[in-house]
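Each value in this text was obtained by applying a stated rule to the coordinates, not by laboratory testing. For clarity, every value in this text was computed on a predicted model and none was experimentally measured. Virtual Cβ from ideal backbone geometry, glycine too; neighbours counted across all protein chains shown.
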Amino acid sequence: MLYLASQSPRRRELLAQIGESPRVLDVDIEEIRQSGENPDAYVARVALDKARAGYAMVSNESGARVIGADTEVILGDDVFGKPRDATDAVSMLRRLSGREHRVVSAVWLIDEKSERHALSVSIVRFAPLDAAQIDDYVASGECFGKAGAYAIQGRAAAFIEHLSGSYSGVMGLPLHETSRLLRSQ
């Protein structure tokens, strides 16, 4: 049985695209970057913590496999998680406006035999955004619950001048890498 250690409806939808229907596990782990931890290592660690917490819940089941994932927007050395409020969302979008940033998505798969992972790094360049565009987007509410305060699969698609990497990774689960993990034994 495949489990997803995430309440994210986007991750469930993405897994469905590759023919997977995992059961969802509600895990609660702390997502705080440690002092001196580089952004990529932070994303990978959070995904691993989610997968391990989920596996601990089902480890007594024969054949249980658990996916844990994390996706963050990174500008320089700054990690943009989910915005706390509208002011935070506006601040993130202003900083991303007209600039290139990285979206790092880590996936861990844990089963009784091993812990395996993959890391997807995508480069996204935003067009310059004016204050009205940012305010309208934030007012739509779409920015909330999204790393970097935007959803590439939604209205924010109009902000993207260039994407190099994994579209599904920017959404929250890189399907190519996830599919490879699921096929490996």
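Of all residues in the stretch 98-122 being without any contact (Cβ under 8 Å) to a residue 40 or more places away in the chain and among the small types (G, A, S), which is surrounded by the most Cβ atoms within 10 Å (Cβ to Cβ)?
G98
I'd like the full set of residues that are under 24 Å from E112 (Cβ atoms), touching a residue at least 40 places away in the same chain (Cβ under 8 Å) and surrounded by fewer than 18 Cβ atoms within 10 Å (Cβ to Cβ), limited to the stretch 1-40.
M1, L2, I18, E20
May I ask you to say which residue of D77, D135, D111, D130 is among the charged types (D, E, K, R) and under 20 Å from the mean Cα position of the chain (by Cα)?
Result of the check over D77, D135, D111, D130: D77.
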